[in-house]
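One structure is given below, encoded as structure tokens.
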Amino acid sequence: MARGYSFGDTYNTRMFELSDKSTLDELRAYAFDNEDQLHKLIEVNIEKLFPGLVFLTREFQEMAGGELRPDTVAFDTDLNTFVALEYKNKRSAGAVDQARAYLNSMKVHNADLVLLYKKKKDNSRQKNSFDWEKCTRL
């Protein structure tokens, strides 16, 4: 991967593949028609993109009474904790604040995350079997 160059509010990163032992071929850029396409791509391939993450749900509305809806909620099997993913198509000064709000909400509403995990993956897990301290780090 090569360092990106700025273009408006986004950064374009150049990606390459090794075609033989000494030649790099640049991969073509792909623009998504809408954010939903990006959601689907990441969610279907989450374990390839982020080894150790397991997809749980999209736009988890049960957390904080629906006020906060992370684009994707996953479970990190290596860290034994929950992860919220948020997709942005532009730079956003509020993205860090949004991430902090998700982390705080995940800690406060951890029972909702446990119920989600039990429903999707393992009904035998109890609330105290998850690592909630790692869930609150940014």
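The values are calculated or read from the model by the stated rules, or taken from the named source; none is laboratory data. Just so it is clear, the structure is predicted and the values come from calculations on it, not from any experiment. Neighbour counts run over all protein chains shown; Cβ positions are idealised from the backbone, glycine included. SASA here: full protein model, heavy atoms, side chains in, ligands and nucleic acids out. Shrake-Rupley method; radii C 1.70, N 1.55, O 1.52, S 1.80 Å.
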Quiz prompt | Inter-residue pairs, beta-carbon under 7 Å, first among the basic types (K, R) and in region 105-126, second part of a loop (DSSP other than H, G, I, E, B) and open to solvent by less than 50 Å² (accessible area, probe 1.4 Å), 6+ apart | solution = K107/W132; K118/R125
Quiz prompt | Filtered residue count, region 68-87, keeping only those that are more than 11 Å from the chain's Cα centre (by Cα) and either surrounded by 12 or more Cβ atoms within 10 Å (Cβ to Cβ) or without any contact (Cβ under 8 Å) to a residue 24 or more places away in the chain (or both) | solution = 6
Self-check item: Pairs, first closer than 21 Å to R58 by Cβ and of a type in the set (K, R) in region 13-41, second outside any loop (DSSP other than H, G, I, E, B) and open to solvent by less than 80 Å² (accessible area, probe 1.4 Å), C-beta under 9 Å, six or more apart
Solution: K40/R58
Quiz item: Which ones in region 88-104 are without any contact (Cβ under 8 Å) to a residue 40 or more places away in the chain, assigned to a loop (DSSP other than H, G, I, E, B) and surrounded by 12 or more Cβ atoms within 10 Å (Cβ to Cβ)?
Solution: K88, S92
Quiz item: Based on what the data block shows, is L56 surrounded by 13 or more Cβ atoms within 10 Å (Cβ to Cβ), in contact (Cβ under 8 Å) with a residue 60 or more places away in the chain, over 10 Å from the mean Cα position of the chain (by Cα) and under 19 Å from S129 (Cα atoms)?
Solution: yes
Practice problem: Please indicate, with yes or no, whether at least one residue in region 116-134 is open to solvent by less than 100 Å² (accessible area, probe 1.4 Å), under 14 Å from the mean Cα position of the chain (by Cα) and among the hydroxyl-bearing types (S, T, Y). | Solution: no
Quiz item: (1) closer than 30 Å to F32 by Cβ; (2) of a type in the set (V, I, T); (3) in contact with a helix residue (DSSP H, G or I) (Cβ under 7 Å, 6 or more places away or on another chain): which one isn't true of V83, the others all being true?
Solution: (3)
Practice problem: Look through region 115-138, keep the residues that are within 20 Å of R100 (Cα to Cα) and hydrophobic (A, V, I, L, M, F, W, C), and return whichever of them is modelled with the highest pLDDT. | Solution: F130
Quiz prompt | Boolean, H39 is of a type outside the set (D, E) and over 18 Å from the mean Cα position of the chain (by Cα) | solution = no
Self-check item: Residues being of a type outside the set (G, A, S), at pLDDT 80 or above and either surrounded by 10 or more Cβ atoms within 10 Å (Cβ to Cβ) or part of a loop (DSSP other than H, G, I, E, B) (or both) - total across region 14-32
Solution: 8
